[in-house]
Amino acid sequence: MSMRTRPIRLALQALALAGVASLLALLVWKLTHDPGGGVAAQLSQGKRPAAPNFTLPRLDGDGTVELAAIKKPRVVDFFASWCYACPYESKRLEKYSRQYGGKIAFVGVNTDDFSSDAKRYVRKYGLTYTIVREQGRKVLNTWGGLPIPRIFFIDRNGNVIGQMQE
C-alpha cells in the first residue's frame with residue numbers, strides 16, 4: 001500500500017463507521033420515540049378507538065381473561081421483567097388497584113417474557129391485580145408495540161381514552 005492510499009482508506013473507513021453509528025442512533029431514537037401503530041397511533045391522532053379485545057391466560061394458570069368481558073373502566077399495562085421502567089409503574093398501579101379496584105379493573109399484560117421471570121417479578125413487587133401473559137408481542141403490537149411500559153385507559157363503553165408511556 002502506498003503512502004497516498006492509506007489516508008484515503010482511513011478516511012473511507014471513518015466515513016463508513018460514522019454512517020453505521022448514525023443509523024444505529026436513528027434506530028434507537030425510533031424505538032424510543034415512535035408511537036408505533038395500532039391504538040397508540042390512533043390516540044396520538046386524537047381518536048378514541050375501540051379497545052382491541054384479547055383473551056389471554058392468567059399468569060398464575062387459573063384460566064383466561066377476556067378484556068371485552070370486563071364491563072367497568074379498565075387500565076391495561078403492558079410490562080415485562082426485563083423492562084427497566086416497569087417496576088415503578090407496576091408499583092403505582094398496585095397502589096391504585098388497592099384504592100380503586102372496586103370501580104376500575106387493572107390488567108397487567110406480561111409480554112415477551114419467560115413465565116418464571118414474570119412470576120418472580122409479580123412476587124417481588126407484590127402485585128395483586130389481574131396479570132395475564134402473552135408469548136411474543138402480538139397483542140402488544142396491536143396496541144402500539146414497544147417501548148414498554150405502555151399503559152392504556154379504557155372507559156366502561158370499551159373505548160381507549162388515553163395512554164401513558166415512558
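The values are calculated or read from the model by the stated rules, or taken from the named source; none is laboratory data. Just so we're clear, the structure is a prediction, and the values are computed from it rather than from any experiment. All Cβ positions, even for glycine, are placed from backbone atoms using ideal geometry, and neighbour counts span all protein chains on display.
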Need the failing condition index for Thr64 against (1) crowded, with 17+ Cβ neighbours inside 10 Å; (2) among the β-branched types (Val, Ile, Thr); (3) farther than 13 Å from Arg150 by Cα, just the number. (1)
Cβ pairs under 8 Å, 6+ apart or interchain, first in segment 62-73 and small (Gly, Ala, Ser), second not in a strand (DSSP E or B), ordered by first then second residue, are Ala68/Ala51; Ala68/Asn53; Ala68/Gly158
If Leu56 satisfies all but one of (1) free of Cβ contacts under 8 Å to residues at least 60 places away in the same chain; (2) surrounded by 16 or more Cβ atoms within 10 Å (Cβ to Cβ); (3) among the hydrophobic types (A, V, I, L, M, F, W, C), what's the number of the condition it fails? (1)
I'd like to check something: does segment 101-124 contain any residue that is at pLDDT 95 or above, within 16 Å of the chain's Cα centre (by Cα) and among the small types (Gly, Ala, Ser)? yes
